[in-house]
Each structure stands twice: as C-alpha cells, then as structure tokens.
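Undergrad: Before we start, here is the structure in question, set down as structure tokens.
The values are calculated or read from the model by the stated rules, or taken from the named source; none is laboratory data. All values reported here derive from a predicted model rather than from experimental measurement. Cβ placement follows ideal geometry from the backbone for every residue including glycine, while neighbour counts extend to all protein chains displayed. Calculation scope for accessible area: heavy atoms of the full protein, side chains included, ligands and nucleic acids excluded. Shrake-Rupley method; radii C 1.70, N 1.55, O 1.52, S 1.80 Å.
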Amino acid sequence: KHFKNYIFLSTKKEKSENSHLIITEFPIKIKKLIEIININFLRKNYNLQSNIKVGEYELDLNSRILKLKNVSLDLTEMEANVILFIKKSNKAIKIKDLQKNVWHQAAGLETHTVETHIYRLRKKINEKFSDDNFILNNKKGYSL
C-alpha cells in the first residue's frame, strides 16, 4: 500500500486494524489533530466500558446494566462501582478498602455502609438471576 500523507496513531499493545487512527486530511492544524485524537479516545473508552466481563455476566458501565444471557438488571452507580472494584482485584477486598476506594471514606470509620450496600446488591442479583454466589465473602474480604 502507498501511504503518502497519512498519519497512523496506535498504541504498542494493540495490533488490530481497529486500533489505528488514520488521518488523511492535510495540512492539519495541531488543534484539530488533538480534537480528533480526543474524540477517538473517548469513543474507544465508551466502547470498552460497554462490555466488561464479570464471570459469566456482562457489565455495561455506560448504562449501568448487569446482563446474563437475555436477562438484565439496572444498577445504581455505586453498585456498578462496587462490582467493578471487586472485579479488578486479584484478591479478596476488605471492607476498609471498599470504604476508601469506592466510598472515599476514611478507613476505620464505624459504619455499615459497605455491608448494607453489598447485602442489597446481593439481594437484587439473587432475585433477578437466582444467583446467591455472585459476591462471596470470607475472613479475607469480598470477591466475585
């Protein structure tokens, strides 16, 4: 292929054709180039957040919906944040870590906010999907 007057932008991690941004309009002002890059970055992030695998479920952060096959459950922003935070961890999450990182509360506060939210979230998931093992907990903390 002949690529005269093209700019290819991609990251080292991504090799697929869809990961490239090709600009063909020349000359181009730096301000316009930055605008094109930002728009494509936002579009890519939106798409990445639309289909997050959580076990056998799919979490759509953009619409805050948890799906399993043809069944979907609307989540609050906090519920989606809790699921995502626990999912991203490779180990069980302690209550104090959830307080600090999801609720942005100081660790050591005497509150049952985390336990209450997780109890309600478990109840919603169990009622919708008949799954009482979605969020597990033991002495080490919460996990999916």
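Undergrad: Once amide H atoms are placed 1.01 Å from N in the peptide plane, what residues at a sequence separation of 5 or more from VAL54, or on another chain, have their amide H within under 5 Å of its amide H?
TA: The answer is LEU59.
Undergrad: Next question, about the same structure. Given a 1.4 Å probe and the protein chains all in place, what does the accessible area of GLU35 round to, in Å² to the nearest 10?
TA: Around 90 Å² of this residue is reachable by solvent.
Undergrad: Starting from the Cα of LEU33, step 7 Å along the direction of its Cβ; do the same at VAL71; then give the gap between the two resulting points in nm.
TA: Distance between label points: 5.2 nm.
Undergrad: At 7 Å along Cα-to-Cβ for each site, give me the label-to-label distance between ASN101 and LYS53 in nm.
TA: 2.1
Undergrad: Would you pull out the residues with amide H under 5 Å of LEU136's amide H, same chain only if 5 or more places away, H placed 1.01 Å from N?
TA: Excluding prolines and chain starts, which carry no amide H, the hits are SER143, LEU144.
Undergrad: In addition: Residues with amide H under 5 Å of GLN105's amide H, sequence separation 5 or more or different chain, H placed in the peptide plane at 1.01 Å from N; which?
TA: Amide H neighbours of GLN105: LYS100.
Undergrad: HN-Hα J couplings of the stretch 53-66 from phi, Karplus 6.51/-1.76/1.60, θ = phi - 60°, integer Hz, Gly and Pro as x?
TA: For the stretch 53-66, the Karplus-derived couplings read 6, 10, x, 8, 8, 10, 10, 9, 5, 5, 9, 6, 10, 9 Hz, x marking Gly and Pro.
Undergrad: Calculate the FRET efficiency for SER143 and ILE22 from the Cβ-Cβ distance with a Förster distance of 41 Å, rounded to the nearest 0.05.
TA: Working: r = 42 Å, r/R0 = 1.03.
So, using R0 = 41 Å, E works out to roughly 0.45.
Undergrad: Here is a follow-up. Pairs LYS53/LYS140; LYS87/LYS123; LYS31/LYS67; LYS32/LYS100; LYS53/LYS91; LYS44/LYS69: which exceed 29 Å Cα-Cα? Write out the running numbers ahead of the final one.
TA: Working: LYS53/LYS140 23 Å; LYS87/LYS123 18 Å; LYS31/LYS67 40 Å; LYS32/LYS100 39 Å; LYS53/LYS91 17 Å; LYS44/LYS69 24 Å.
Among LYS53/LYS140; LYS87/LYS123; LYS31/LYS67; LYS32/LYS100; LYS53/LYS91; LYS44/LYS69, the Cα-Cα distance tops 29 Å for LYS31/LYS67; LYS32/LYS100.
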